[in-house]
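The next block holds one structure in the form of structure tokens; read it before the comments.
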Amino acid sequence: MRTIGLIGGMSWESSAEYYRLLNGLTRDRLGGHHCAPSVMVTVDFAEIEAMQRADDWRGAAERLAEAAVGLERAGAELVVLCTNTMHRVAPAIAAAVRIPFVDLVDATAQRIRTAGMRTVGLLGTRFTMEGEFYRARMAEHGIEVLVPDRPDRVLVHDVIYDELTRGRIQDSSRREYARIIASLAEQGAEGVILGCTEIPLLIGPADTSVPLFDSTRLHIEHAIELALTAPESHTDHQSHSWRSQPLRRSPGW
């Protein structure tokens, strides 16, 4: 099994869930006492969150690209970015390393297509729900994305930053999320993407009858599958990750 590199800290609560799932699912897959060879670098979320608020995506891209380079130097053979929102700068991160970058949005889209769905709702930070990067990536897979109306987008975002990233889980917020999921289903969503790595800490399949796509779990499942596959069989990374290029060749950053 190849060594998986994890860029964590956004927030550490969800990064801990990544680590738990990575090793638990590896043990389920391989049995016995197996766990996943891995390396994690934890960035300071306060630094990244300040860059988000300042709309400094170039600075954030450079910081996370540095983290990816550190993972590669530490022996990682795949890079997993433990956050949905920061996949906005995925091309720059992938461009900084020679090893494959495992794309969360692609992994989620593949599972949605396997389920036979073409229209899904999306919950995440306002950067994810209101930005184009997530919708555009889904559109490449033939999937239409619906998002909540503005007041509900504000609520979803605020719960993530004010509660979930601080380790606070509240029943009142779970009920609000369930309401918003039901509203998206009424608008035509066949399922809903939990498009922030903290959201599965709050709500899951037991809380709604609408099919949910847990991007955190799907990301880890895909990374494990790739880690267990011989590198030489991946002659085209584009199906599961951004193609790695030297950083200087990545336009727009």
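The values are calculated or read from the model by the stated rules, or taken from the named source; none is laboratory data. These figures come from a predicted structure and were not determined experimentally. Backbone-built Cβ (ideal geometry, glycine too); neighbour counts: all protein chains shown. The area values use the complete protein model at the heavy-atom level, side chains included, leaving out ligands, DNA and RNA. Shrake-Rupley method; radii C 1.70, N 1.55, O 1.52, S 1.80 Å.
Just a few scattered comments:
- Some residue of region 198-205 being of a type in the set (Gly, Ala, Ser) and within 18 Å of the chain's Cα centre (by Cα): yes
- Leading residue by the ranking (nearest to LEU22 (Cα to Cα)) among those in region 53-89 that are of a type in the set (Asp, Glu) and modelled with pLDDT of 95 or more: GLU77
- Of note, GLY70 satisfies the criterion of being free of Cβ contacts under 8 Å to residues at least 40 places away in the same chain, under 27 Å from THR229 (Cβ atoms), open to solvent by 10 Å² or more (accessible area, probe 1.4 Å) and part of a helix (DSSP H, G or I).
- Figure legend. Inter-residue proximity from region 121-148: first residues without any contact (Cβ under 8 Å) to a residue 60 or more places away in the chain, second residues assigned to a helix (DSSP H, G or I) and of a type in the set (Val, Ile, Thr), beta-carbon distance below 6 Å, spacing 6+ or different chains. Indicated pairs: ARG137/VAL105; ILE143/ILE112; PRO148/ILE180.
- Flag if PRO205 is open to solvent by 20 Å² or more (accessible area, probe 1.4 Å) and not aliphatic (A, V, I, L, M): yes
- Of residues in region 205-218 being in contact with a Leu (Cβ under 7 Å, 6 or more places away or on another chain) and without any contact (Cβ under 8 Å) to a residue 40 or more places away in the chain, the one nearest to CYS82 (Cα to Cα): ASP214
- Subset tally (residues that are within 24 Å of LEU226 (Cα to Cα), open to solvent by less than 60 Å² (accessible area, probe 1.4 Å) and outside any loop (DSSP other than H, G, I, E, B)) for region 1-59: 19
- Enumeration of residues in region 189-224 that are modelled with pLDDT under 95 and of a type in the set (Asp, Glu): GLU198
- Unique residue being under 30 Å from TYR177 (Cβ atoms) and over 19 Å from the mean Cα position of the chain (by Cα) when the list is ASP55, ASP106, ASP44: ASP55
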